[in-house]
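Structure first, then comments.
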Amino acid sequence: MPELPEVETIVRELRPKLKNKKIREVRVLLPKMVALGPATLPNLRKTRGSVAVKFAKTLKGEKITDVSRRAKMIIIDLAGKFAILVHLKMTGQLIFLDRKHLDKKIRLLNIPSITPVSLPAKPTHVIFEFTDGSKLFYNDYRQFGYLKLVTDKELPYVRELQDYGPEPLDKNFTFQAFEALTLRRSPSRAVKLWLMDPTIIAGIGNIYSDEILYFAKLKPTRVVKSLSAKEKKRLFQGIKKILTDAVRHAGSSVWEFVRPSGNWGTYGLLHKVYGRAGEKCKVCGSIIKNMKFNGRTGSFCPRCQK
Ligand SMILES: [Zn+2]
């Protein structure tokens with residue numbers, strides 16, 4: 001599942017490509033992938049078919065003015081009228097091809113044995129065609145993601161956007177702000193689950209919580225309120241450092257994460273614990289272990305993390 005570094009990578013790559021692009025047509029191949037905010041479609045019965053038609057019709061001729069991110073939500077702005085909220089959930093992908101490279105073959109899973117394909121492919125559900133001939137493809141193997149069209153006026157009231165906690169890479173997210181969260185928000189929870197709660201801190205999932213806890217030398221099961229001042233400092237530094245490094249390496253291509261260019265993120269090669277259970281810790285040589293709790297698997301070094 002894409003986390004903050006992957007979604008940030010997508011936004012950074014898409015912004016210069018999509019800015020000022022005019023939409024010629026939107027093709028919705030799987031109607032259940034698109035949705036409308038309440039103000040966009042007040043008086044129409046919301047069957048899936050009618051939503052898809054309205055979605056495509058509303059977007060036709062509109063111009064993209066910006067691409068941004070809040071937590072794991074991608075926000076595509078349309079000339080001060082509408083915005084498309086894109087949530088990739090488990091396996092969503094956004095791939096952009098310019099007119100000259102529409103036949104480019106792309107490997108949709110980060111598995112060497114997978115044959116590269118041209119788009120649209122089987123998991124392609126929505127296609128944006130721009131007036132300059134370029135295209136943006138929305139792919140989703142497991143179909144949990146969505147593209148939701150909202151009006152600018154309703155954007156501040158979109159539930160998903162209101163519920164997110166602070167952006168960990170924001171300058172305003174200081175140690176003081178972080179420390180206040182550790183005292184105020186679910187201090188009795190295991191630190192891994194705490195980090196992964198998007199209403200406490202936005203954008204951290206399974207991969208980066210594992211890597212952050214390894215950096216901070218903390219076992220995933222440690223209860224937040226048991227952390228000393230020093231441990232909290234290390235945890236905070238870990239959040240900033242690991243997420244910043246991962247963005248710099250364009251995220252981790254674990255399975256389905258493909259960048260809009262069709263390339264992969266390389267941070268996965270630098271993982272210290274995530275996906276390395278059974279292998280040796282790069283620092284102490286102990287075997288990395290998996291631990292299951294609350295339906296989640298965490299990987300950690302039993303010697304380095306206490
Ligand atoms: Zn170790």
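Top to bottom by accessible area (1.4 Å), largest first, where do His249, His125 land?
Numbers: His249 65, His125 15 Å².
These residues rank, largest area first, as His249, His125.
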Task: Ratio of the Cα radius of gyration of region 216-301 to 2.2 N^0.38 Å, where N counts its residues - done: 1.23
- [ ] Whenever you get a sec, line up Phe236, Phe215, Phe173 from highest to lowest accessible area (probe 1.4 Å, protein heavy atoms).
- [x] Phe215, Phe236, Phe173
Open item on the list: Debye calculation, C-alpha points only, no solvent: report log10 I(q)/I(0) for the chain at q = 0.10, 0.12 Å⁻¹, in the same order as the q values.
Closed with: -0.60, -0.83
Open item on the list: Rolling a 1.4 angstrom probe over the protein chains, ignoring ligands and nucleic acids, what is the accessible area of Val223 in square angstrom, nearest 10?
Closed with: 50 Å²
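Probe radius 1.4 Å, ligands and nucleic acids left out: which of Val53, Val224 has the largest accessible area, and how do the rest follow?
Working: Val53 95, Val224 0 Å².
Listed by decreasing accessible area, they come as Val53, Val224.
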Task: Length-normalised contact order of region 30-169 in % [C-alpha pairs under 8 Å, at least 6 apart] - done: 30 percent
Task: Per-selection metrics, region 153-229 (Cα): Rg and Dmax in Å - done: 13.3, 45
Task: Projected label distance in nm at Lys104 and Asn172, using a 7 Å step from Cα toward the beta-carbon - done: 3.6 nm
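Loop-only check: which trypsin sites (Lys or Arg not before Pro) in region 171-228 are DSSP coil with at most 13 other Cβ within 10 angstrom? Write out the running numbers ahead of the final one.
Details: sites: Lys171, Arg184, Arg185, Arg189, Lys192, Lys217, Arg222, Lys225; in loops: Lys171, Arg185, Arg189, Lys217, Arg222.
Here the sparse-neighbourhood loop sites are Lys171.
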Open item on the list: How large is the accessible surface of Thr199 in square angstrom, using a 1.4 angstrom probe and rounding to the nearest 10?
Closed with: 50 Å²
Task: Spatially proximal aspartates and glutamates relative to Lys32 (Cα-Cα < 18 Å; intrachain offsets below 8 disregarded) - done: Asp140
Task: Lys/Arg +1, Asp/Glu -1 at C-beta; the chain dipole; positive extreme among Val67, Ser50, Gly262 - done: Gly262
TODO: Report the relative contact order of the chain, percent, no decimals, based on alpha-carbon pairs under 8 angstrom and at least 6 residues apart.
DONE: 20 percent
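Take the Cβ-Cβ distance between Cys284 and Ile127 as r, set R0 to 45 Å, and report the resulting FRET efficiency rounded to the nearest 0.05.
Working: r = 50 Å, r/R0 = 1.10.
Result of the calculation: an efficiency of 0.35.
Among the listed pairs Lys60/Lys135; Lys54/Lys153; Lys21/Lys241, which have their C-alpha atoms separated by more than 23 angstrom in this model? Present the calculation step by step, with values, prior to reporting the outcome.
Working: Lys60/Lys135 14 Å; Lys54/Lys153 18 Å; Lys21/Lys241 34 Å.
Beyond 23 Å: Lys21/Lys241.
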Task: the chain, accessible surface, carbon-and-sulfur percent (1.4 angstrom probe) - done: 53 percent
- [ ] Return one whole number: the accessible area per residue of the chain in Å², for a 1.4 Å probe.
- [x] 47 Å²
Task: Stretch gain in nm, segment His249-Ala277, where the contour uses 0.36 nm per residue and the Cα spacing is subtracted - done: 7.9 nm
TODO: Could you list the residues of region 273-306 with an amide nitrogen less than 15 Å from a label point located 7 Å from the Cα of Asp197 in the Cα-to-C-beta direction?
DONE: 294
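Relative contact order for region 175-300 using alpha-carbon pairs under 8 Å, separation at least 6, rounded to a whole percent? Display every interim value, and only then the final one.
Details: 163 pairs, mean separation 26.5, N = 126.
For region 175-300, the relative contact order is 21 percent.
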Task: Measure of compaction for region 88-212 (Cα Rg per 2.2 N^0.38 Å) - done: 1.39
Task: Set of lysines with alpha-carbon distance to Lys289 below 22 Å, sequence-local pairs under 8 removed - done: Lys192, Lys217, Lys219, Lys272, Lys280, Lys306
Task: Net length gained if the chain between Arg24 and Ala79 were fully extended (0.36 nm per residue, minus Cα distance) - done: 18.3 nm
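The values are calculated or read from the model by the stated rules, or taken from the named source; none is laboratory data. Here the structure is a predicted model, which means the values were calculated and not measured. Reconstructed Cβ throughout: ideal geometry from the backbone, glycine too, with neighbour counts over all protein chains shown. Just so you know, the surface numbers come from the protein's heavy atoms only, side chains and all, with ligands and any DNA or RNA stripped out. Shrake-Rupley method; radii C 1.70, N 1.55, O 1.52, S 1.80 Å.
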